[in-house]
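Here's the structure, in structure tokens; my notes come after.
Computed from the coordinates by the stated procedures, all read-outs in this text should not be read as laboratory data. Bear in mind that the values here come from a model prediction, so they are computed numbers and not experimental data. Counting neighbours? That spans all protein chains shown, and the Cβs are built from the backbone with ideal geometry, glycine included.
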Amino acid sequence: MVGCRGRYSARRIRSTRARDVAQRRELRHNVDMESRQATTVDGVQASAAQVGAASVQGAQAVSRAAALLRAVSARAPDPVPTAVLAGLVGIARPTAHRLLLALAAEGFVDRDPARGGWLLGPELFLMGAVAAERYDITALASEHLRELARATGESAFLSARRGDETVCLLREEGSFPLRSFVLHEGIRFPLGVASAGLAILAMLPDAEREAYLARADLEPVYGADHAAEALRARTARTRETGYAVNPGLIVEGSWGMGAAVLDAGGRPAWALSLTGVESRFRPERRRELGRMLLEHAHALGRRLGQRR
């Protein structure tokens, strides 16, 4: 009986793999057909100008696909419906659906069979495992997060800069029973929003910071406290103290503090932060929390420089 079950399980695994391969082949075929149709006009081979226009559209499709992947990632581990993703990226639902099917054909996203939304796919895990050797700092940072959480009782986080955003990579829960749930792994905020983004923005070179403030329009989404002049004032205070303070500007009563971690070139690439309820961030305690954040941020930066 054991042997029969073993053979049955093996056949079932092979069958499942074959079905998965067949589905992906069908998806690739549909995507290829759409691509070939895009290079013809009324059944006639496209001209050089039309091919050039298709190339521009192809670059736009790559940008949109990347935006969809970021939107799925930001809301992990919950599946995200197609309509929601289309709204987040700012494209039509049919366009989002076609792009998601193409990404699914390559294994970059998966469809949740029970709830119908989209999840990150296995191909991203494999790529991430390879990229981690170059970019992953979580092994080193986790030691600092554990110590910060132990010493303060607050939740500690590691965030990384990605262009004009920060992405939360890692967290360590503190022992204090009341917690803030604004941050979680995968969530993204624009630079200047939340303590990690404010700490990184403050430590950018003046010209780069001003260029960002000129193009970013955070006030409609995050309120008047995130207008350019308000951010200039907070980044100035952050440069004076070395650490950033978010006094409940995202969720009332939820405070945060952060310190930038510099890369080998002296640029703010990551940030360590602490979050908790307002009563835990009184002025006298903020100075102590800031001192600890700066110590750990500097120590982590030195270790990263030595590793590189």
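Points worth noting:
- For segment 136-307, a simple Cβ point-charge model (Lys and Arg +1, Asp and Glu -1, everything else neutral) yields a dipole of about 420 debye relative to the Cα centre.
- Summed side-chain charge close to Leu119 - residues other than Leu119 whose Cβ falls under 10 Å, Lys, Arg +1, Asp, Glu -1: 0
- Stretchable slack from Asp164 to Glu229, in nm (0.36 nm times residue separation minus alpha-carbon distance): 21.6 nm
- The calculated FRET efficiency for Val221 paired with Glu252, based on their beta-carbon distance and R0 = 22 Å, is about 0.85.
- Table column - 3J(HN,Hα) (Hz), segment 216-224, Karplus curve with 6.51, -1.76, 1.60, x for Gly and Pro: 7, 10, 8, 4, x, 8, 10, x, 4
- Relative contact order of segment 136-307, defined on C-alpha pairs under 8 angstrom at six or more residues apart (%): 23 percent
- Leu191 long-range amide H proximity, modeled H, under 5 Å: Glu165, Thr166
- Where Rh is the Kirkwood radius over Cα pairs, Rg/Rh for segment 136-307: 0.93
- Cα-projected label distance for Arg239 with Arg93, points at 7 Å along beta-carbon direction, nm: 4.8 nm
- Counting other Cβ atoms within 10 Å as a rough exposure proxy, the listed residues Leu120, Leu231 run Leu120, Leu231 from fewest neighbours to most.
- Counting neighbouring Cβ atoms within 10 Å and putting the fewest first, the residues Met257, Met127 line up as Met127, Met257.
- Distance between the modelled labels on Ala76 and Glu143, one decimal in nanometres: 2.6 nm (7 Å Cα→Cβ projection).
- Proxy reagent accessibility, fewest Cβ within 10 Å first, across Phe157, Phe176, Phe281: Phe176, Phe281, Phe157
- Point-to-point label distance, Ala214-Glu278, nm (Cα→Cβ direction, 7 Å offset): 3.7 nm
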